[in-house]
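Enquirer: Okay, handing you the structure first.
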Amino acid sequence: MKKLTFTLLGLSMLAASCSNNQVSQNPEQRFVDSVVSKMTLQEKIGQLYQVSYTSKDDAIGMAKAGKIGSIINVVDPQAINEIQKAAVESSCGVPLIIGRDVIHGYKTIFPIPLGQAATFDTAIVRGGCHVAATEATSDGIRWTFSPMVDISQDPRWGRIAESYGEDPFLSSVMGAAAVRGYQGDKMNDPTSIAACTKHFAAYGASETGRDYNATFVPERELRNVYLPSFKAAVEAGSATMMSSFNDNDGVPSSGNTHILTEILRGEWGFDGFVVSDWNSIVDMANQGFCANGKEAGLIAIKAGTDMEMVSTCYIDNIEALIKEGKISEQLINERVKNVVRIKYRLGLFQNPYVETAQSVKYADAHLALAQKTAEESAILLKNNGILPLKSKKILLTGPMCDAPHDQLGTWIFDGEKSHTVTPLTALKDAGFDVVYIPTLEFSRDKNTASFAKAVAAAKSADAIVFIGGEESILSGEAHCLADINLKGAQNQLIEQLSKTGKPLVTVIMAGRPLTIGKQVDESGAVLYMFHPGTMGGPALANLLSGKAVPSGRTPATFPKSVGQIPAHYYINNTGRPYNGSEILMDDCEREAGQTSLGCTSFHMDLGFGPLFPFGYGLSYTEFEYSNLNISTPELGKADTLKISFTIKNTGDYDGVDVPQLYIRDLAGSITRPIKELKEFARVEIKKGESKNIIMKLPISRLAFCGLDYKTAVEPGDFKLWIAHDSELKNALESSFAVK
Ligand code: GLC
């Protein structure tokens, strides 16, 4: 009876309170306002606290007392239902939102996001995220801390593994696809999961690639490079955002009003809620941005961080801060409404419980999609003709041949290595006559004792397949490297295998681009798979046998050396660009004249240019571009340029090509990159056939943050290329002007 009376009273108060302002016509807003109007201050503060699961009794106690709004890291559906019941039957009656890091699959594990980006296939990424949502919601999880759309130009940074790489456009379309895959057509569908786009913002620019380090990204670079992927995720409907650990230009993101309120809500119209990263609010004291947790809580709640993950600055201090007049209850109401709004959109008020009888995990269709994603993610970096393998009589060796845990990659909380199909198993199942000599047991292994045995076994094999790379622990959060060569004795083994003279296929499974130039030279073929997940083995078997044809493209530049980092492709030209006439260190005369080597932008010991550029990848066949036409050479800012061209498959295999559209703004109010990816496609073409392709370039896509800090399209002359990759070799070129 109490609740009913309170409800009637609440609604009449609501009507009264609305008498002097517009009663919301929006049923959602009316519901949200009504719920919050009935809550006590303590219950409101509870909604802004996310606790990490310790025990069911503790969780039930906190839920019953209205002390929490969310729980992270509980995955038992029965326990979730009991805890949820306590919340729903509590005095405030608001259901909990259950969160988990479902980063690249829940039980069925897909390639790490960097590998998913390598597919250049937004449809398959969306499908994989929907599979992840279907499996995670079957256990009662309705919120994932994904997609991570941080732009990363630095493979030393372990979290490049979780990103979609270095390019703002690729990260934008991949992040948007992930949001749509997680949230589905209707977020209140019980198989939908709220996305959490992270880490807002510029976290990928951590200095020296050392995680949690400070970043110094100026406003224009922030808006032109680091924010577009977040904006795209918001436009795709991302329900939540996560503030990042880094302080950018001295301001930690969890306390950054400019990005959390002025940009995210003011400019982009975001109406979901922002959750801090783990302890990132209280960490602001460590960063020297405030004196203690109370000040941290005050800064964060005012800046725009709605919910606090794990640290207790909010629940410990908000009531006092209101009493001290430092914040208003009205501000808290707004923060709480953001949280309640997403719970409403998820349908949690109508349907807070999970059906526990579901068995969707590892469904055949899920495994098949994971395998197809792994096949599409594989990048053929080199092939002197030995792939696809002509003979099935192979020597197999290397630390990743049979590494069911490491093959899954980083951020695997719920995937099970017992379900991993490794290359060793898959190659045998595919009918390969495999001589397997384990040699190195793991990627850091320095034990060379069994190398001679492998070299001897090569004699009776028709080809050698070395599978190496990185253990999963070598990438991901806080797992950064100052040297990105292959670890352990892998390079020595590759060198010895190469000296046998047998065809050597080197397969790398890693969480980042690695500096493998010498190993590429020593191998007849190199296939790169960013940790390919549960079905990486069968995917590799299909690729080596030719049942599948590689189509992956590099989502991040592969530098020749760590000394080249950042090595991304969209660089400024400089006033003295590299021109190829430079004299390198080894060719330099003794006592050479000061200016005799060429005064341009290059490294004397390495020259200029990466090991492999962004967007690069080979196939078993070849593709030629011709007949480039553009719809008009002069356009207005609201127009769309149509680009048409022909692709011919001139090789011996059916295959998939990934033509890429790059533009260059020849002169702007600020210096502009020498090229920027603005569109791409995946095109299946049978051998000997041709296809006419049309791409559309909305001129609005050329907007950038200019000298006046306004984001707009500037008139001027542009070049465009239809290219195989960002190096633009054999690219078709044209030009146009914007008036
Ligand atoms: C971690 C990560 C973040 C993750 C969160 C919850 O520290 O930075 O990406 O989602 O905490 O596990």
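Enquirer: Under a cut-off of 16 Å between alpha-carbon atoms, report the aspartates and glutamates in cross-link reach of K729, not counting same-chain residues fewer than 8 places apart.
Expert: Qualifying aspartates and glutamates at Cα under 16 Å: E622, E624, D657, E676.
Enquirer: Taking every pair of alpha-carbon atoms in the chain, give the share separated by more than 41 Å as a whole percent. Working shown, then result.
Expert: Working: 93955 of 272691 pairs.
Tail fraction, whole percent: 34.
Enquirer: Show me 441-452, 263-274 ranked by packing, highest mean number of other Cβ atoms within 10 Å first.
Expert: Details: 441-452: 14.6, 263-274: 19.3.
The densest-packed peptide leads the list: 263-274, 441-452.
Enquirer: Compute the separation of the alpha-carbon centres of region 524-566 and region 317-385 and state it in Å as a whole number.
Expert: The two parts, judged by their Cα centres, are 29 Å apart.
Enquirer: Another one. Would you work out which of A370, S91, T397 lies farthest towards the positive end of the dipole of the chain, given +1 charges on the beta-carbon of Lys and Arg and -1 on that of Asp and Glu, about the Cα centre?
Expert: After comparing all options, I get S91.
Enquirer: Now for a different question. What is the packing order of peptides 296-302, 603-609, taking the mean over residues of other C-beta atoms within 10 Å and listing the highest first?
Expert: Working: 296-302: 25.0, 603-609: 14.7.
Going from most to least packed, we get 296-302, 603-609.
Enquirer: Separation of region 710-739 and region 588-652 by C-alpha centroid, Å?
Expert: Result: 12 Å between the Cα centres.
Enquirer: If you wrap a convex hull around the C-alpha atoms of region 395-547 and split its volume per residue, what is the figure in Å³? Show your work: numbers first, answer last.
Expert: Details: hull volume 15.1 nm³, N = 153.
Hull volume over Cα atoms, normalised by residue count, gives 99 Å³.
Enquirer: If we count other beta carbons within 10 Å of each Cβ, what is the order of I318, I109, fewest first?
Expert: Numbers: I318 27, I109 33.
Placing the least packed residue first, the sequence is I318, I109.
Enquirer: Please determine, in degrees from 0 to 90 and to the nearest 10, the orientation of helix 168-183 with respect to the longest principal axis defined by the Cα atoms of the chain, where the helix direction is its Cα long axis.
Expert: 50 degrees
Enquirer: How much of the DSSP beta bridge set in the chain is antiparallel, as a percent to the nearest 5? Walk me through the numbers before you get to the answer.
Expert: Working: 47 of 89 bridges.
Once the DSSP bridges in the chain are tallied, antiparallel ones form about 55 percent.
Enquirer: What ranking do 709-715, 516-522 get when scored by the average of other Cβ atoms within 10 Å per residue, highest first? Don't jump to the answer; show the numbers that get you there.
Expert: Working: 709-715: 13.7, 516-522: 18.6.
The densest-packed peptide leads the list: 516-522, 709-715.
Enquirer: What's the local net charge at R553, with K and R +1, D and E -1, over the other residues with C-beta under 11 Å away? Kindly include the intermediate steps, with their values, before the conclusion.
Expert: Working: positive: R682; negative: D121, D167, E376, D657, D725.
Value of the local net charge: -4.
Enquirer: How far is helix 27-37 tilted off the main Cα axis of the chain, in degrees rounded to 10, range 0 to 90?
Expert: That helix lies at roughly 60 degrees to the long axis.
Enquirer: Under the rule a/c < 1.5 gives rounded, and otherwise a/b versus b/c splits prolate from oblate, where does region 231-348 land using the Cα gyration tensor? Can you show the working numbers first?
Expert: Numbers: a/c = 1.78, a/b = 1.27, b/c = 1.41.
Taking the square roots of the gyration eigenvalues as a ≥ b ≥ c, region 231-348 is oblate.
Enquirer: Hey, which of these cross-link pairs are over 28 Å Cα-Cα: K85/K302; K67/K337; K691/K719; K38/K361?
Expert: Values: K85/K302 32 Å; K67/K337 16 Å; K691/K719 24 Å; K38/K361 40 Å.
In this structure, K85/K302; K38/K361 exceed 28 Å between Cα atoms.
Enquirer: Please go through the residue pairs K186/K326; K186/K675; K382/K459; K107/K459 and name each one whose alpha carbons sit more than 32 Å apart in this structure.
Expert: Values: K186/K326 39 Å; K186/K675 38 Å; K382/K459 23 Å; K107/K459 41 Å.
Pairs exceeding the cut-off: K186/K326; K186/K675; K107/K459.
Enquirer: Go ahead and estimate [θ] at 222 nm for the chain from helices alone: -39,500 (n - 2.57) per DSSP H run with n ≥ 4, summed, over the residue count, rounded to 500. Write down the numbers at each step before the final one.
Expert: Numbers: 19 runs with 200 residues, N = 739.
Using -39500 (n - 2.57) per qualifying helix, the result is -8000 deg cm²/dmol.
Enquirer: Another question about this same structure. Principal axis lengths of region 79-213 from Cα atoms, whole Å, largest first?
Expert: Dimensions of region 79-213 along the principal axes of its Cα atoms: 49, 33, 22 Å.
Quick note: the coordinates plus some simple rules give every number you see, no bench work behind them. Only a predicted model underlies this, so the values are computations on that prediction, with no experimental measurement involved. Cβ atoms come from the backbone with ideal geometry, glycine included; neighbour counts cover every protein chain shown.
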